[in-house]
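See structure below.
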Amino acid sequence: AMTPLEFESRIDALAAAHADTLGYSGFQDAVGIVGPLRRATLAGQGRVVDVYLYSDGGAGLRIDSSWLAYELVDYSTPAILLEDAYDRVLAAVELMVKRA
């Protein structure tokens, strides 16, 4: 089952695997409208993916101008939520890398 820490490390590894193509901020503490969060940005080939991890276990992705919210009420476990969010980041990164 994926934890927030594992989610971050998998995003880190994904960015490192494509470091020649993508820029990556790494995860940093930030404060949003709903309070504290962890945020990272991947960018390349004119595309930007912002990844947000919230302290309540939810997550959010901004892919270019599209916003995707991952809320705990929609998932049976926080781990499944993170797996879905990771799969979407992976798909977005694959598109960015293909354009390179």
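Just so it is clear, none of the values below were taken in a lab; they were calculated from the coordinates. Predicted, not measured: the structure shown is a model, and the values here were computed from it. Here the Cβ positions follow ideal geometry from the backbone for every residue, glycine too, while neighbour counts run over all protein chains shown.
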> Taking only the alpha-carbon atoms of the chain, what semi-axes of the equivalent ellipsoid follow from 5 times the gyration tensor eigenvalues under a square root, in whole Å, largest first?
Replying inline: 22, 14, 13
>> Can you give the local net charge around Gln28? Use residues other than it whose beta-carbon is closer than 14 angstrom to its beta-carbon, Lys and Arg +1, Asp and Glu -1.
In response: -2
> So how far, in whole Å, is the C-alpha centre of segment 38-99 from the one of segment 1-17?
Replying inline: 12
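Whole number please: convex hull volume per residue of the Cα set in segment 29-87, in Å³? All intermediate terms of the calculation are to be shown ahead of the outcome.
Details: hull volume 5.1 nm³, N = 59.
It is 86 Å³ per residue.
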>> Bins of 5 Å, beginning at zero and ending with the bin holding the largest distance: percent of Cα pairs per bin for segment 1-42, please.
In response: 6, 22, 25, 21, 16, 7, 2
> Just from its helices, what would the mean residue ellipticity at 222 nm be for the chain, if runs of 4 or more DSSP H residues each count -39500 (n - 2.57) and the sum is divided by every residue, rounded to the nearest 500 deg cm²/dmol?
Replying inline: -12000 deg cm²/dmol
>> If you fit an axis through the alpha-carbon atoms of helix 78-99 and take the longest principal axis of the Cα set of the chain, what angle between them do you get, 0 to 90°, nearest 10?
In response: 10
> Which distance in nm do the two modelled labels at Val97 and Ala19 give, with both placed 7 Å along the Cα-to-Cβ direction?
Replying inline: 1.5
>> Taking the 0 to 90 degree range and rounding to the nearest ten, how far is the long axis of helix 4-17 tilted relative to the main principal axis of the chain, both from C-alpha atoms?
In response: 0
